[in-house]
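The values are calculated or read from the model by the stated rules, or taken from the named source; none is laboratory data. Keep in mind that what you see is a predicted model, and the values were worked out from it rather than measured. Please note: Cβ atoms are built from the backbone with ideal geometry, for glycine as well, and neighbour counts cover all protein chains shown. To get the accessible areas, we keep the full protein, side chains included, count just its heavy atoms, and leave off ligands, DNA and RNA. Shrake-Rupley method; radii C 1.70, N 1.55, O 1.52, S 1.80 Å.
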Amino acid sequence: MNSERGTRNAVAGNSEVGARNAEWMTVRLGDVVDINPRGEFGELKDESEVGFVPMSAVCEYRKTVVAPEIRMFADVRKGYTPMRNGDIILAKITPCFENGKVARVNLPQDISFGSTEFHVFRSHPEINADLVFHLLRSDMILQFGRARMKGAAGQKRVPSEFFRAFEFRVPRSILAQQRVARILDAADALRAKRREALTQLDTLLQSTFLTLFGDPVTNPMGWPKTSIENLVDNIDSGWSPTCLDRSATDDEWGVLKLGAVTYCEYRENQTKALPHELTPRPEIEVRKGDLLFTRKNTYDLVAACAYVHETRPKLMLPDLIFRIRLSKSHGTEPTFIWQQLIFPRLRKHIQTFAGGAAGSMPNISKAKLRAIELITPPLPLQQKFAAIVESIERQKTTQRAHLAELDALFAALQHRAFRGEL
């Protein structure tokens, strides 16, 4: 930790003195980048292989393309968004924009295509591309862009005109721009290390589950299996009233957003405030020990499950999240059930139960969820695993606290960078 604090201090120190004498200018984003440039396909033929980036391939944490596809040029030349290596892509539709789906394009194929829900940004020579990338992932863009979304509820998009008109401060010199980008890179690298540590703890937990219980889909250890129907007292539905366009404060009632469960860990800050004229429903208030399950989302995010280790009061379930109330008489450990439900192969299996009309988000009904079979090893073995989960969760809590500090540092540096104060 001492070395990390030293690095943080060095980053902060550089931010104070590095660009003190630099000349800064105010620019409009549309004057220094091409937004949604037309495709330049060169000698590509219909049978040529090109990269393809679906929305699910962009990781909002790593800010990278993590799972690109390969398609034939003939299949994507019309109706998709063209891009090339070095471009920056940013989701324009809710909730992907708010979730921070932005990435630099760096694929084996120089020319690629992607979802029509991406905006594409190509930097001019007079602006540092890394600095543009940091701007597009900043809270400034998120806050101003969210307020300027257009469209119907659930299909709101940030228009390209917003980005073209967006003004920010940058050094006039490319060298000075590069130095500012390096400061932001250094701070971001510290955050990446913390996120990697959290990922390793999750991997350790999955590995431990596999060692103790085996794959819950193939069940190589021959454990007894039973349906969720036989493990629960009830599966509770939530409520999705029209809420205020802000998060709930600690002393008021709120409704969880999907983001509270989407990444298989409970995030109590993902809320919307309940209007004061609406009466809260205490029977669907989230409580410590709850097992929450997303019944509806995109195909790659549906069937997320989170265990509530701790929570503040006055937060309610939304309609898109079920609460699985395990029966105490059956003798199952909630954290064991949680880890089984999010085990990658089993979750993929559960996602196949999701259905819905074309163009809508897939949904898993209560009936289908109740029919899913889980392994039920002896309770003492489940309890042994639950103790391991608790130990790892304590370590994750510490790592998350350190990450929150680094996130605050990074946000402060971003704010200063694009106000001309670095």
Quiz item: Dipole of the stretch 49-164 (Lys/Arg Cβ +1, Asp/Glu Cβ -1, origin at the Cα centre): which of LEU90, ILE111, VAL66 lies farthest to the positive side?
Solution: LEU90
Self-check item: Simple Cβ-charge dipole of the chain, Lys/Arg +1 and Asp/Glu -1, about Cα centre, in debye nearest 20
Solution: 220
Self-check item: Convex hull of the stretch 288-422 built on C-alpha atoms - directionally averaged projected area, nm²
Solution: 12.0
Quiz item: What is the antiparallel percent of DSSP beta bridges lying wholly in the chain, to the nearest 5?
Solution: 90
Quiz item: What shape does the stretch 34-180 take by its C-alpha gyration tensor, where a ≥ b ≥ c are the square roots of the eigenvalues and a/c under 1.5 counts as rounded, a/b above b/c as prolate, and the rest as oblate?
Solution: oblate
Quiz prompt | DSSP-assigned coil residues among GluC sites (Glu not before Pro) in the stretch 274-336, each with at most 16 further Cβ atoms within 10 Å | solution = GLU277, GLU310
Practice problem: Could you look at the stretch 263-422 and say what percent of its accessible area is carbon and sulfur, using a 1.4 Å probe and all protein chains? | Solution: 54
Quiz prompt | Cross-link table LYS101/LYS225; LYS78/LYS150; LYS92/LYS368; LYS101/LYS272; LYS272/LYS366, entries beyond 30 Å C-alpha to C-alpha | solution = LYS101/LYS225; LYS92/LYS368
Quiz item: Could you give the distance between the Cα centres of the stretch 126-181 and the stretch 196-232, to the whole Å?
Solution: 42
Self-check item: chymotrypsin sites (Phe, Trp or Tyr not before Pro) restricted to the stretch 55-106 and DSSP loop, no more than 14 other C-beta within 10 Å
Solution: TYR61
Self-check item: Solvent exposure of the stretch 382-422 as accessible area per residue, Å², 1.4 Å probe
Solution: 47
Quiz item: Does the stretch 26-69 classify as rounded, prolate or oblate by the C-alpha gyration tensor (a ≥ b ≥ c root eigenvalues; a/c under 1.5 gives rounded; else a/b over b/c gives prolate, otherwise oblate)?
Solution: oblate
Quiz item: What is the local net charge at ARG325, summed over the other residues whose Cβ is closer than 9 Å to its Cβ (Lys, Arg +1; Asp, Glu -1)?
Solution: -2
Exercise. Using only C-alpha atoms and all pairs of different ones, pull out the Kirkwood radius for the chain in Å with one decimal.
Key: 23.8
Quiz item: For the chain, what are the DSSP H helices with axial Cα length of 15 Å or more and mean Kyte-Doolittle hydropathy of at least 0.0?
Solution: 174-213
Practice problem: Let me know the shape class of the stretch 88-161, please: from the alpha-carbon gyration tensor, a ≥ b ≥ c as square roots of the eigenvalues, rounded when a/c is under 1.5, otherwise prolate if a/b is greater than b/c, or oblate. | Solution: oblate
Quiz item: Based on Cα positions only, what radius of gyration and what Dmax would you give for the stretch 239-313, in angstroms?
Solution: 12.2, 36
Exercise. Pick out, from THR199, THR242, TRP24, the residue whose Cα sits farthest towards the positive end of the charge dipole of the chain, with +1 on the Cβ of Lys and Arg and -1 on the Cβ of Asp and Glu.
Key: THR242
